1. From B:Leu112, B:Leu48, grab the single residue that is on the phi > 0 side of the Ramachandran plot and either touching a strand residue (DSSP E or B) at 6+ places or on another chain (Cβ under 7 Å) or modelled with pLDDT under 95 (or both).
2. How about region A:124-147: which of its residues are touching a residue at least 60 places away in the same chain (Cβ under 8 Å) and either among the aliphatic types (A, V, I, L, M) or farther than 20 Å from A:Gln70 by Cβ (or both)?
3. Is it the case that some residue within region B:37-45 is farther than 30 Å from A:Ile223 by Cβ, more than 10 Å from every other protein chain (Cβ to nearest Cβ) and out of contact with any strand residue (DSSP E or B) (no Cβ under 9 Å at 6 or more places or on another chain)?
4. Where in region A:148-228 are the helices (runs of 4 or more DSSP H), entirely inside, with at least 2 residues that are touching a residue at least 12 places away in the same chain (Cβ under 8 Å), within 27 Å of B:Met149 (Cβ to Cβ) and aromatic (Phe, Trp, Tyr)?
5. Six or more apart or on different chains, Cβ under 6 Å: which pairs go from a residue in region A:42-71 that's more than 14 Å from chain B (Cβ to nearest Cβ) to one that's open to solvent by 10 Å² or more (accessible area, probe 1.4 Å) and of a type in the set (Ser, Thr, Tyr)? Could you list them?
6. Here are the criteria: (1) under 19 Å from A:Leu180 (Cα atoms); (2) at pLDDT below 95. Tell me which single one A:Asp48 does not satisfy.
7. Kindly indicate whether any position in region B:56-69 is over 15 Å from the mean Cα position of the chain (by Cα), farther than 17 Å from B:Ile116 by Cβ and modelled with pLDDT of 85 or more.
8. Identify all residues within region A:184-216 that are open to solvent by 10 Å² or more (accessible area, probe 1.4 Å) and of a type in the set (Gly, Ala, Ser); write none if there are none.
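The values are calculated or read from the model by the stated rules, or taken from the named source; none is laboratory data. All values derive from a computational prediction rather than experimental measurement. Because the Cβ atoms are built from the backbone with ideal geometry, glycine has one as well, and the counts that use them run over all protein chains shown. We work out accessible area using only protein heavy atoms, side chains counted, and drop any ligands, DNA or RNA first. Shrake-Rupley method; radii C 1.70, N 1.55, O 1.52, S 1.80 Å.
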Amino acid sequence: MRAVSAETKGEHMSGVESGAESGAETARPVEAIDWNRIEDDVDLAVWDRLTGNFWLPEKVPLSNDLPSWQTLTPDEQELTNRVFAGLTLLDTIQGTVGAVSLIGDALTPHEAAVYTNIAFMESVHAKSYSSIFSTLCSTPQIDEAFAWARANQRLQRKAAIVLERYNGTDPLAKKVASTLLESFLFYSGFYLPLHWSSRAKLTNTADIIRLIIRDEAVHGYYIGYKFQRGLALGAAARREELQDLTYDLLLELYDNEVAYTRDLYEPVGLTDDVTRFLRYNANKALMNLGFEALFPADETAVNPAILSALSPGADENHDFFSGSGSSYVIGRIVPTEDDDWAF
Amino acid sequence: MAGQEALTSAPLAGGLRFANAGGGATGRPPVSRAGEALGIVYYSSASLNTHRFVAKLGWPAERIPPPASGRQLVVSGPYVLIVPTYGGGHDSAAVPRPVIGFLNHEPNRAWLRGVIASGNTNFGTAYGLAGDIVAAKCQVPCLAKFELMGTPCDVRRVRDGLTEWWTNQ
């Protein structure tokens, strides 16, 4: 493992560390977090966004999904349970190891606080799958899903690859792994509830998944942004090293993800559709880290039904350029305050 | 709202390089039948996503300055606005405040010909919402949307689309 580079050491916590080592006389005082003295405005903006987006699964009427759950075949139910057990595992890792592992490397006390929010919300996500299980499934079904998660080698390998980075000492490599988890690794699982939702099945469950997907967008954006801030402080050689590390790690995870997808979705014939969704989100994970997309457009064309399920009730996608140019639809009006728009 | 406002005054992440920037504005922008070159005006926060997209587009572009700079950008020719969507799913905060301030200046509004918005489909119906809002407020078309810093395909789509559209104006 490489040594922690100076540019990314958690400076604001150094007082605490030196206090432990060199005694109280020479120690800098432990700093209390001051939210009225912001060093990076993005910390406050993201804190406000995350707290504004806070939700709990108890607010979603999951039991309304029971009738449509009964329309799924036993195989489809089993697939759904396994997908959710896999997602639970990722959320467990991110909530109790991943986001927590970033705290010590934070460059500002507010960044550290944002990670505590992210960690807690990942635990809410993990618990929300248990709400879905307890609403829809029998205990033997739930036990089967968790046993499957324990035994599936692709899922365990996915966890192991990420955990190796989280337990390492390179703060920026940790952020790469974390962003790939938030913005890429979840999507083999998210696909299925969006698929059911596009067929008017498990629509309340899909409401929960969309709330999770919204949270993960902010998490991936923020951790990717902090990665770029750390990168900007380093030398050009370090940037090249981390760019190589990012693409290598993405491809290692992608290969495993395709195999994981095949394990789950081959029996229902959805593997190709899911892997397109994977590549589309892999590109977005790279962009969150400030790197160019890897997969070309013709390999990332997501099934329109899945994109529609992400955005229920939205109008059809009007592409001005490919249309006649005269038939564009003015967007829906959103109330804004007069102060904002003084014309 | 305070948080959104604060985003704009964050210093740029120094030292970032852009893979396809090509030295900035090397390309020639499309010209209309009336002989007017199409300008690009954009806003980009500390994440630099929109800045990267505009750099890849490769046409001359003006960046709306953050409020902390005390400067006001005033345009004097037709242009397309490229704007990121803020708010993380909260509609009322979708258009960045500096963009609203820029458009509140009448001459800037008069030269606006179209808007392009970035966003993230993870936000569902709020994806690229800033483009829809500006289009409705200013009665111009929302020409395109793209995600984050845009893929190479997005850059081609916007460059080709703007060229065909503007050269026929």
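1. After applying the criteria, what remains is B:Leu48.
2. A:Val124, A:His125, A:Lys127, A:Ser128, A:Ile132, A:Leu136, A:Ile142, A:Ala145, A:Phe146
3. No, that holds for no residue.
4. Counting at least 2 such residues, we get A:187-198.
5. Taking only residues 6 or more apart or on different chains, the pairs are A:Pro57/A:Ser131; A:Leu62/A:Thr135; A:Ser63/A:Thr135.
6. Of (1) under 19 Å from A:Leu180 (Cα atoms); (2) at pLDDT below 95, only one is false for A:Asp48: (1).
7. Yes: one or more hits.
8. A:Ser197, A:Ser198, A:Ala200
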